[in-house]
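Each remark here refers to the structure printed beneath this line.
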Amino acid sequence: MAIQASTEILEGSVLAILSQEDYYGYTITKQMQENFPISESTMYPILRRLKKDGWLTTYDQPYEGRNRRYYKITDTGLTRLAEIRDDWKQLRTVTDKILEGNDGE
């Protein structure tokens with residue numbers, strides 16, 4: 001994909017993944033990498049920012065003798081996801097209209 005996804009799209013995608021269930025960082029990264037050319041070094045700052053903004057919380061669970069840090073979307077995260085989805089629908093509609101040549105002229 002040659003077009004770069006904005007930070008808001010990446011954040012919205014992470015929130016959408018976590019709206020389905022809680023995941024640990026590696027799993028979130030792998031799911032994102034199935035859809036975006038994104039590195040691990042890009043993903044963890046996104047997760048930290050979402051947590052700092054109050055849209056995610058974390059908790060640890062033991063797994064095979066180690067702790068895994070799981071991310072969970074908060075109620076404010078769900079609200080933010082709804083906002084991003086609304087913004088995306090508007091952007092997609094306008095962009096499709098222009099790119100497909102239906103700009104009203």
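For the reader, a short list of remarks on this structure follows.
- Just so you know, in region 10-54 the residues that are assigned to a loop (DSSP other than H, G, I, E, B) and surrounded by 14 or more Cβ atoms within 10 Å (Cβ to Cβ) include one that is modelled with the highest pLDDT, and it is Asp22.
- Of all residues assigned to region 56-64, at least one qualifies as being touching a strand residue (DSSP E or B) at 6+ places or on another chain (Cβ under 7 Å) and under 22 Å from Asp87 (Cα atoms).
- Just one of the listed residues (Asp87, Asp96) is surrounded by 10 or more Cβ atoms within 10 Å (Cβ to Cβ), acidic (Asp, Glu) and in contact (Cβ under 8 Å) with a residue 60 or more places away in the chain, namely Asp87.
- Of all residues in region 62-105, those satisfying the criterion of being under 20 Å from Tyr26 (Cβ atoms) and over 22 Å from the mean Cα position of the chain (by Cα) are Pro62, Tyr63, Glu64, Gly65, Arg66, Asn67.
The values are calculated or read from the model by the stated rules, or taken from the named source; none is laboratory data. Since the structure is predicted, the reported quantities are computational estimates derived from the model, not experimental observations. Cβ coordinates were reconstructed from backbone atoms using ideal geometry, including for glycine residues, and neighbour counts include every protein chain displayed.
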